[in-house]
Every structure is written in structure tokens, then in C-alpha cells.
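Working notes, structure below.
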Amino acid sequence: QLQLVESGGGLVQAGGPLKLSCTASVRPYIMGWLRQTPGKERDFAASIRMSGSGATYTDSAKGRFTISADNANNTVILQMNSLKPKDTATYYCVAKLGPYDDDYWGQGTQITVSS
């Protein structure tokens with residue numbers, strides 16, 4: 001079993017930065033973030049293999065978000081800059097133990113970007 005604990009999130013003004021962290025109980029193969037707004041499906045935001053390679057972003061996050069892996073602590077960090085009101089969502093950490101493993105989810109953390 002893999003357990004994920006998220007931290008960060010909150011309220012920020014448009015243009016400001018925010019950082020999310022997610023720590024896994026065991027080292028995953030890959031970790032990332034999806035985000036969801038009410039009435040919509042969860043959308044991919046960013047992911048990275050815990051080897052540090054393969055950082056991937058949704059188009060709207062490119063140039064603003066940076067995802068990094070802290071292997072010593074089984075933690076992934078999402079640094080978000082130049083936040084926009086459309087980034088407002090509940091952000092969920094997701095991880096896999098292997099490339100074909102099931103997804104494990106965090107509890108979700110709310111980010112609200114005010115204009």
C-alpha cells in the first residue's frame with residue numbers, strides 16, 4: 001500500500017506563487033498532480049518519475065509550474081508561479097509504485113487564486 005500526504009495550498013492573489021508538497025509512505029515510480037473543479041473531471045497538471053527524469057506538464061502550466069522529486073524523502077514538490085484565477089481547483093497528488101500499477105491518491109488540497 002502507498003499512502004500520500006499533501007501539504008501546501010491555500011489562498012493566493014493572481015500573479016503570486018504557491019508550493020505544493022506530497023510525501024509518499026514508500027518510494028513510488030512516478031508522482032504527479034491532477035486538479036479538479038466542481039462538476040468537472042480531474043485534469044492532469046504535472047508529473048515526474050522519481051528518478052528525476054520525465055517531468056511533464058499540461059500546456060497551461062508550462063513556463064509557470066516546476067515539478068521536482070526529492071528522493072531522500074519520497075516527496076514531490078510542485079512550485080507554481082504566476083498563478084491565474086483559472087488555476088483555482090482542488091489539487092490531488094497521485095502516484096504509482098510501478099509503470100503499470102494502480103493509481104494512489106492523496107486527499108486533495110484546495111488552491112484558490114483571487115483576481
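The values are calculated or read from the model by the stated rules, or taken from the named source; none is laboratory data. Note that the coordinates shown come from a computational prediction; the quantities given were computed from them, not determined experimentally. Here Cβ is always computed from backbone atoms with ideal geometry, including for glycine, and neighbour counts include all displayed protein chains. Please note that ligands, DNA and RNA were not included when accessible areas were found on the heavy atoms of the full protein model with its side chains. Shrake-Rupley method; radii C 1.70, N 1.55, O 1.52, S 1.80 Å.
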**OP:** Provide the gained length on full extension for the span Glu41 to Arg64, in nm with one decimal, where the gain is 0.36 nm per separating residue minus the Cα-Cα distance.
**Re:** 6.1 nm
**OP:** Quote the accessible area belonging to Leu18 in square angstrom, nearest 10, computed with a 1.4 Å probe and with ligands, DNA and RNA left uncounted.
**Re:** 30
Subject >> Check: the range 16-115 dipole with +1 on Lys, Arg Cβ and -1 on Asp, Glu Cβ, in debye >> reply: 280
Original post:
Dividing the convex hull volume of the Cα atoms of the chain by its residue count, what figure in Å³ per residue is obtained?
Top reply: 95
**OP:** Round to the nearest 10 and report in Å² the accessible area of Thr23, as given by a 1.4 Å probe over the protein chains' heavy atoms.
**Re:** 60
Subject >> Calculated FRET efficiency for the pair Gln3/Ala55, C-beta based, R₀ 22 Å, to 0.05 >> reply: 0.40
**OP:** Any chance you could run the full-extension gain for Gln79 through Ser115? It's 0.36 nm times the residue separation minus the Cα-Cα distance, nm to one decimal.
**Re:** 11.0 nm
Original post:
Per residue, what accessible area does the chain have, given a 1.4 Å probe and all protein chains present, in Å²?
Top reply: 52
**OP:** Tabulate in residue order the Karplus-calculated ³J(HN,Hα) for the range 79-85, using 6.51 cos²θ - 1.76 cosθ + 1.60 with θ = phi - 60°, rounded to whole Hz; enter x for Gly and Pro.
**Re:** 8, 10, 10, 6, 5, 10, x
Original post:
Which chymotrypsin sites (Phe, Trp or Tyr not before Pro) from the range 22-114 combine a DSSP loop assignment with at most 10 other Cβ atoms within 10 Å?
Top reply: Tyr100
Subject >> Dipole in debye (nearest 20) - the range 37-84, about Cα centre, beta carbon charges: Lys, Arg +1; Asp, Glu -1 >> reply: 120
Original post:
For Lys96, which lysines qualify as cross-link partners when the Cα separation must be under 22 Å and same-chain residues fewer than eight apart are set aside?
Top reply: Lys19
**OP:** Enumerate by residue number the trypsin sites (Lys or Arg not before Pro) in the range 1-74 meeting two conditions: DSSP loop (anything except H, G, I, E, B), and at most 16 other Cβ atoms within 10 Å of the site's Cβ.
**Re:** Lys40, Lys62, Arg64
Original post:
When the accessible area of the range 44-106 is split by element with a 1.4 Å probe, what percent falls to carbon and sulfur?
Top reply: 47
